[in-house]
There are 2 protein chains.
Amino acid sequence: MTRRQLHLNAFLMNTGHHEASWRLPESDPYASVDLAHYVRLARIAERGTFDSLFLADGPQLWSSVGQRPAGALEPITLLTALATATEHIGLIATASTSYNSPYNLARKFATLDHISGGRAGWNIVTTAGAEAARNFGLDAEPAHAERYARAAEFLDVALKLWDSWEDDTIVADKAAGVWGDDAKIHPPRHRGRYFSVEGALNVPRSPQGYPLLVQAGSSEDGKRFAARYAEAVFTAQQTVEDARAFYTDLKSRTVAAGRDADHIKVLPGIVPVIGSTEAEARAHERVLEEHIVHTHGVNHLERLLHLDPGTLELDGPLPADLPPESAIEGAKSRYTLIVELARRERLTVRQLIGRLGGGRGHLTFAGTPEQVADTIQLWFESGAADGFNIMPALLPSGLEAFVDHVVPILRARGLLRTEYGSPRRTLRERYGLPRPANQHVIAPALV
Amino acid sequence: MTRRQLHLNAFLMNTGHHEASWRLPESDPYASVDLAHYVRLARIAERGTFDSLFLADGPQLWSSVGQRPAGALEPITLLTALATATEHIGLIATASTSYNSPYNLARKFATLDHISGGRAGWNIVTTAGAEAARNFGLDAEPAHAERYARAAEFLDVALKLWDSWEDDTIVADKAAGVWGDDAKIHPPRHRGRYFSVEGALNVPRSPQGYPLLVQAGSSEDGKRFAARYAEAVFTAQQTVEDARAFYTDLKSRTVAAGRDADHIKVLPGIVPVIGSTEAEARAHERVLEEHIVHTHGVNHLERLLHLDPGTLELDGPLPADLPPESAIEGAKSRYTLIVELARRERLTVRQLIGRLGGGRGHLTFAGTPEQVADTIQLWFESGAADGFNIMPALLPSGLEAFVDHVVPILRARGLLRTEYGSPRRTLRERYGLPRPANQHVIAPALV
């Protein structure tokens with residue numbers, strides 16, 4: 001019997017996940033708009049037989065451009081270019097349900113799925129923050145619960161659109177002059193609280209039916225949403241115990257929602273900092289930390305914690321009177337994770353910035369390839385993960401180090417495929433998930 | 001002195017511009033979702049040293065799938081894939097100002113411009129029809145004038161977004177930890193009738209500053225809009241006299257709007273049906289006509305003319321009591337062109353369908369390569385065109401015939417480049433247009 005297989009996703013971000021990564025000598029400060037940089041990263045991940053790669057996103061200029069690289073190419077567009085530069089790897093784009101129309105977004109993902117031969121995935125986000133809201137005609141951020149209610153209706157409409165063509169709609173009868181079967185077109189005729197969408201999509205159903213549905217919010221609303229819709233979940237977890245609790249909770253919520261526990265894959269994020277010895281790995285980590293500009297870090301942390309500028313003192317602890325998660329309308333679960341990390345390890349603001357610099361709340365792990373592989377295997381085999389979201393501190397070198405040194409160990413242990421094999425597979429097949437049936441078609445076994 | 005140069009655009013559409021093209025033996029009825037088909041077309045156009053290629057679009061399933069191939073990949077996404085398969089040719093995507101948000105759309109075009117190295121163009125449309133409106137929460141089509149008012153504000157916001165980063169915002173000072181100059185970021189802070197957009201775009205300014213602005217509406221509102229914003233205009237003209245009148249009018253409107261007459265390029269559409277003799281060309285045309293399903297054609301024509309189903313009789317003339325253009329809220333100028341064509345040439349509905357089958361109102365011309373080249377040269381040299389929008393009846397073979405047989409004649413006559421040359425040029429450079437200055441930067445000569 002084959003061993004249960006790890007799923008690996010490469011979370012690509014500019015020059016790396018460490019906030020000071022762009023300052024290192026090897027980094028290209030123009031990487032964010034350089035297609036060649038992303039092609040190189042995608043090919044490294046494909047060499048490592050990763051299941052997928054992933055781009056985060058938000059429709060706003062998040063930070064001051066003085067502080068760090070800001071701005072990024074739009075993910076669906078960039079992944080389309082990467083689809084032509086790769087053959088096997090899945091391509092997961094973040095897109096917001098709060099600031100898109102279902103018709104346009106459903107069509108773009110269907111297009112990416114066609115162009116990539118069934119490798120598209122959608123990381124569904126509701127987009128926290130007033131900055132984004134103000135770019136789309138709103139004065140303030142919609143409330144957290146409101147964003148999730150809209151997201152649920154958005155998904156329902158998108159699924160109706162993706163199913164608005166049956167798979168075998170095109171009959172291509174040239175002699176009779178009949179191209180398609182109109183009886184197999186199902187306009188959504190949706191009229192809801194947030195959306196009214198009348199007509200069928202203008203793209204035939206795509207190889208996967210629709211993109212792999214991915215989600216990353218770990219708040220109460222986020223977990224409820226994930227249990228209902230998500231096929232893969234990215235999550236930030238600092239300890240194996242927390243990860244195990246999250247994993248168990250999410251699987252049972254998924255079962256409670258009437259779905260198979262195996263049909264949702266949980267991938268915690270890990271920022272591996274790899275050295276040939278533990279001392280070398282720690283030295284790499286120190287070099288990154290030394291490049292952090294602490295005034296920028298304080299500013300960044302104040303935004304993450306919804307504090308007024310100037311609240312935090314660099315060498316003091318976090319304030320004791322921080323509001324509870326329930327008072328936060330932004331990224332709720334990340335807020336709690338950061339506050340708990342600081343309190344559990346009694347970190348000063350400076351120390352907390354150092355810890356977050358590498359992973360913004362994700363597990364940062366400095367060690368040898370064996371130690372990184374051991375951690376991955378431990379989490380994977382103790383009910384804490386179905387795989388990992390790999391977030392290299394430095395790109396491309398951190399991804400290269402992972403693929404060249406950690407991947408061979410995982411393969412030798414029988415935890416990771418050694419090649420993609422043929423025929424080519426869809427992203428959903430890589431994750432071991434079934435192709436979704438069209439909601440308008442009764443399964444043959446049930447007829 | 002070099003002769004004035006023709007500009008050529010390849011208008012790509014599925015299996016061709018003739019409505020029956022998909023029924024011919026050579027045609028692939030699945031072409032609309034096949035990236036390889038479009039890559040092949042783009043490379044043929046690039047072999048013909050075309051300035052650009054172009055994809056039309058509308059966010060709705062236009063016709064019954066029974067009648068003809070319906071649905072298409074989303075243009076910006078598809079052109080991104082084509083950007084990676086070509087080196088020189090411009091890439092013009094249609095997108096609607098009525099059914100997009102400025103922030104999202106400006107970002108997508110900036111992304112395409114970065115990925116293609118400055119080859120992006122935007123065919124700006126306001127999108128006629130109630131079908132599209134009903135896919136975006138509206139019950140009915142917005143009025144023609146309303147759509148154009150929104151389009152003008154959309155353009156103003158998009159231009160503010162594309163100029164929200166000065167070209168030299170990124171300073172990349174690693175030693176000081178300063179990535180960009182915050183003084184060179186200019187948030188739009190736009191509050192208008194249709195849009196409120198507060199923040200700067202989250203993509204650095206792209207190679208061209210912003211995409212080439214293309215427009216194709218020839219109504220009164222359309223021409224006013226073009227004179228103010230467009231750098232290239234696609235138009236349907238049936239006679240050289242009409243084309244000359246349109247050309248002269250548009251150039252003088254552009255000058256009246258305070259712009260240079262050379263900074264708007266006028267490209268009428270032409271559907272060339274090419275044969276080695278005139279008789280062979282006519283035979284090709286007949287084969288296409290014979291494949292038209294006339295009941296579908298009647299249905300299509302009734303929609304173009306905003307008539308109730310069943311109004312038209314196949315072997316009769318158009319009704320005498322058609323409403324005037326002013327009563328039409330859809331594609332106004334196309335309506336008038338079709339009605340005038342039918343009346344001028346006293347065509348029956350059947351004959352009109354035959355004439356429209358090839359070009360939906362664009363000039364269809366069957367002849368030898370010399371005759372096609374003569375027509376192009378005549379229009380080009382008599383003040384009717386700066387170039388042509390080439391709309392092959394059949395794809396890929398019609399584009400191949402044009403590139404293999406008409407392009408060499410145009411080159412021999414000194415009207416068309418023989419190679420793209422180096423260094424690579426942006427789309428705007430191909431069309432002989434200046435790179436737009438950033439509205440926040442005072443030109444050095446004026447300081």
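The values are calculated or read from the model by the stated rules, or taken from the named source; none is laboratory data. None of the values given here were measured: they were computed from a predicted structure. Neighbour counts run over all protein chains shown; Cβ positions are idealised from the backbone, glycine included.
For residues that are part of a loop (DSSP other than H, G, I, E, B), under 12 Å from B:Val65 (Cα atoms) and more than 8 Å from every other protein chain (Cβ to nearest Cβ), tally how many sit in region A:169-189. Can you show your working first?
The initial filter retains those residues of region A:169-189 that are part of a loop (DSSP other than H, G, I, E, B), namely A:169, A:174-177, A:181, A:186-189.
In the following step, the residues that additionally are under 12 Å from B:Val65 (Cα atoms) were identified as A:169, A:177, A:181, A:186.
Now restrict to residues that are more than 8 Å from every other protein chain (Cβ to nearest Cβ): A:186.
So the count comes out to 1.
Which residues, counting only those in region B:381-393, are surrounded by fewer than 24 Cβ atoms within 10 Å (Cβ to Cβ) and either on the phi > 0 side of the Ramachandran plot or assigned to a loop (DSSP other than H, G, I, E, B) (or both)?
Listed by number, the residues that qualify are B:Ser382, B:Gly383, B:Ala384, B:Asp386.
Give the residues of region B:190-207 that are more than 8 Å from chain A (Cβ to nearest Cβ) and either aliphatic (A, V, I, L, M) or in contact with a strand residue (DSSP E or B) (Cβ under 7 Å, 6 or more places away or on another chain) (or both), sorted by residue number.
Those that are more than 8 Å from chain A (Cβ to nearest Cβ) and either aliphatic (A, V, I, L, M) or in contact with a strand residue (DSSP E or B) (Cβ under 7 Å, 6 or more places away or on another chain) (or both): B:His190, B:Arg205.
Within region B:115-122, is there a residue that is at pLDDT below 95, within 11 Å of another protein chain (Cβ to nearest Cβ), surrounded by fewer than 22 Cβ atoms within 10 Å (Cβ to Cβ) and over 20 Å from B:Val197 (Cα atoms)?
Of the residues in region B:115-122, the ones at pLDDT below 95 are none.
Among the residues of region B:115-122, not one is at pLDDT below 95, within 11 Å of another protein chain (Cβ to nearest Cβ), surrounded by fewer than 22 Cβ atoms within 10 Å (Cβ to Cβ) and over 20 Å from B:Val197 (Cα atoms), which makes the answer no.
For A:Ala401, work out the one condition from (1) closer than 20 Å to A:Glu231 by Cα; (2) of a type in the set (Gly, Ala, Ser); (3) part of a helix (DSSP H, G or I) it doesn't fulfil.
(1)
Considering region A:137-164 alone, what residues qualify as being in contact (Cβ under 8 Å) with a residue 60 or more places away in the chain, within 14 Å of chain B (Cβ to nearest Cβ) and over 14 Å from A:Ala110 (Cα atoms)?
Across region A:137-164, the qualifying residue is only A:Glu141.
Between B:Arg282, B:Arg259, B:Arg334, B:Arg286, which is without any contact (Cβ under 8 Å) to a residue 60 or more places away in the chain and not in a loop (DSSP other than H, G, I, E, B)? Don't jump to the end; show me each part of the working.
On the way: B:Arg282 fails: without any contact (Cβ under 8 Å) to a residue 60 or more places away in the chain; B:Arg259 fails: not in a loop (DSSP other than H, G, I, E, B); B:Arg334 fails: without any contact (Cβ under 8 Å) to a residue 60 or more places away in the chain.
None of the others qualify; the one that does is B:Arg286.
Would you check if A:Leu312 is assigned to a loop (DSSP other than H, G, I, E, B) and in contact with a Leu (Cβ under 9 Å, 6 or more places away or on another chain)? Walk me through it before giving the result.
Working: assigned to a loop (DSSP other than H, G, I, E, B): yes; in contact with a Leu (Cβ under 9 Å, 6 or more places away or on another chain): yes.
Here the answer is yes, as A:Leu312 does meet what is asked.
Considering only region A:126-145, how many residues are modelled with pLDDT of 95 or more and either in a helix (DSSP H, G or I) or more than 18 Å from B:Ser101 (Cα to Cα) (or both)?
3
In this structure, does B:Asn104 turn out to be closer than 25 Å to A:Glu153 by Cα and surrounded by fewer than 23 Cβ atoms within 10 Å (Cβ to Cβ)?
Numbers: closer than 25 Å to A:Glu153 by Cα: yes; surrounded by fewer than 23 Cβ atoms within 10 Å (Cβ to Cβ): yes.
Yes.
Would you mind stating whether A:Ser101 is touching a Gly at 6+ places or on another chain (Cβ under 9 Å) and within 8 Å of another protein chain (Cβ to nearest Cβ)? Working first, answer last.
On the way: touching a Gly at 6+ places or on another chain (Cβ under 9 Å): yes; within 8 Å of another protein chain (Cβ to nearest Cβ): yes.
So A:Ser101 fits the description; yes.
Going by the conditions given, is B:Leu35 surrounded by fewer than 24 Cβ atoms within 10 Å (Cβ to Cβ) and within 12 Å of chain A (Cβ to nearest Cβ)? I'd like the intermediate steps shown before the answer.
Numbers: surrounded by fewer than 24 Cβ atoms within 10 Å (Cβ to Cβ): yes; within 12 Å of chain A (Cβ to nearest Cβ): yes.
Yes: the conditions hold for B:Leu35.
Scan region B:68-95 residue by residue and report those that are among the hydroxyl-bearing types (Ser, Thr, Tyr) and facing chain A (nearest Cβ under 9 Å). Show your work before the answer.
Step one: filter region B:68-95 for residues among the hydroxyl-bearing types (Ser, Thr, Tyr), giving B:77, B:80, B:84, B:86, B:94.
Correct list: B:Thr77, B:Thr80, B:Thr84.
Would you be able to say whether some residue in region A:194-203 is among the hydroxyl-bearing types (Ser, Thr, Tyr) and without any contact (Cβ under 8 Å) to a residue 40 or more places away in the chain?
At the first step, the residues of region A:194-203 found to be among the hydroxyl-bearing types (Ser, Thr, Tyr) are A:194, A:196.
Filter once more, so that each one left must be without any contact (Cβ under 8 Å) to a residue 40 or more places away in the chain: A:196.
Scanning region A:194-203 turns up at least one residue that is among the hydroxyl-bearing types (Ser, Thr, Tyr) and without any contact (Cβ under 8 Å) to a residue 40 or more places away in the chain.
Taking region B:208-226, which residues are part of a loop (DSSP other than H, G, I, E, B) and either within 14 Å of chain A (Cβ to nearest Cβ) or modelled with pLDDT under 95 (or both)?
Looking only at region B:208-226, we keep the residues that are part of a loop (DSSP other than H, G, I, E, B), and these are B:208, B:210-211, B:216-219.
Hits for region B:208-226 are B:Gln208, B:Pro211, B:Ala216, B:Gly217, B:Ser218, B:Ser219.
Give the number of residues within region B:289-309 that are of a type in the set (D, E, K, R), assigned to a helix (DSSP H, G or I) and away from every other protein chain (no Cβ under 14 Å). Give the steps one after another, and end with the answer.
Here is the first cut: in region B:289-309, the ones of a type in the set (D, E, K, R) are B:289-290, B:302-303, B:308.
Next, only the ones that are assigned to a helix (DSSP H, G or I) stay: B:289-290, B:302-303.
Remaining after also requiring away from every other protein chain (no Cβ under 14 Å): B:302-303.
Count: 2.
Checking A:Thr368 against (1) closer than 15 Å to A:Leu267 by Cα; (2) buried (at least 18 other Cβ atoms within 10 Å of the Cβ); (3) not hydrophobic (A, V, I, L, M, F, W, C), which test does it fail?
That leaves (1) as the condition not met.
Condition check: within 13 Å of B:Ala281 (Cβ to Cβ), at pLDDT 95 or above and not hydroxyl-bearing (Ser, Thr, Tyr). Does B:Gly383 satisfy that? I'd like the intermediate steps shown before the answer.
On the way: within 13 Å of B:Ala281 (Cβ to Cβ): no; at pLDDT 95 or above: yes; not hydroxyl-bearing (Ser, Thr, Tyr): yes.
The answer is no for B:Gly383.
Is it the case that A:Leu399 is under 24 Å from A:Leu250 (Cβ atoms), in contact with a strand residue (DSSP E or B) (Cβ under 9 Å, 6 or more places away or on another chain) and either basic (Lys, Arg) or buried (at least 21 other Cβ atoms within 10 Å of the Cβ) (or both)?
Considered against the rule, which asks whether it is under 24 Å from A:Leu250 (Cβ atoms), in contact with a strand residue (DSSP E or B) (Cβ under 9 Å, 6 or more places away or on another chain) and either basic (Lys, Arg) or buried (at least 21 other Cβ atoms within 10 Å of the Cβ) (or both), A:Leu399 comes out as no.
Looking only at region A:123-146, count how many residues are surrounded by fewer than 20 Cβ atoms within 10 Å (Cβ to Cβ), within 22 Å of A:Ala226 (Cα to Cα) and touching a strand residue (DSSP E or B) at 6+ places or on another chain (Cβ under 7 Å).
Here the count works out to 0.
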